[in-house]
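The structure appears right after this line, and notes come after that.
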Amino acid sequence: MLIATSCSKNFGLYRERTGAAIVIGKNAKEAMNAKGRILQLARSTYTMPPDHGAAIVETILSSDALTQEWKTELDVMRNRIVTLREGLSAALAARCGDTRFDFIKQHKGMFSMLGMAPEQIQTLRDDFGIYAVGDSRINIAGLTEARIDYLADALISVIK
């Protein structure tokens, strides 16, 4: 089993690519073989990986005060994203009269997939200046409460 984890978002270390790869094998030999392959892949990607991000994470997690401050900041951001999701979902429900967009408030994290066609995504860009990835992934964290109604109106006008 291979487990990969990233600290990029939770610690705000996007450029540092800080994380971990954990290998669980049937035995130590298999795990070491997998570790060797992972290291080989890493070496083919970069010669000397940066360690600034790892040092930052170590500093934060080694200090009770910094760890608590980090957890508080995470809670604030998590609550902000939950509020934005709930607000967007409610605004869409009010406009379309049903619960088809409830999935937005049920999703977790910064992004949601809207299930829109590429043509609809292009219309959002051209007509409303709203940018989503071609597969209709939107960044909820990039939304502000003041822009929820604008986004909801645009989405409803494009899906009709």
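Details
- Flag: Ala146 does not match the condition of being in the same structural domain as Asn10 (by TED's automatic domain parsing) and of a type in the set (A, V, I, L, M, F, W, C).
- Counting the residues of segment 142-156 that are surrounded by 14 or more Cβ atoms within 10 Å (Cβ to Cβ) and farther than 14 Å from Ala90 by Cβ gives 3.
- Scanning segment 24-62 for residues that are of a type in the set (Asp, Glu) and either touching a strand residue (DSSP E or B) at 6+ places or on another chain (Cβ under 8 Å) or not in a helix (DSSP H, G or I) (or both) returns a single hit, Asp51.
- Sole residue being surrounded by fewer than 15 Cβ atoms within 10 Å (Cβ to Cβ) and within 21 Å of Asp149 (Cβ to Cβ), chosen from Ala65, Ala94: Ala94
- Of residues in segment 100-116 being among the small types (Gly, Ala, Ser) and surrounded by fewer than 13 Cβ atoms within 10 Å (Cβ to Cβ), the one modelled with the lowest pLDDT: Gly109
- Output for segment 106-152, where each listed residue is in a helix (DSSP H, G or I) and among the polar types (S, T, N, Q): Gln106, Gln120, Gln122, Thr123
The values are calculated or read from the model by the stated rules, or taken from the named source; none is laboratory data. Remember, predicted model here, so these are calculated numbers, not experimental data. No Cβ is skipped: glycine too gets one built from the backbone with ideal geometry, and neighbour counts run over all protein chains shown.
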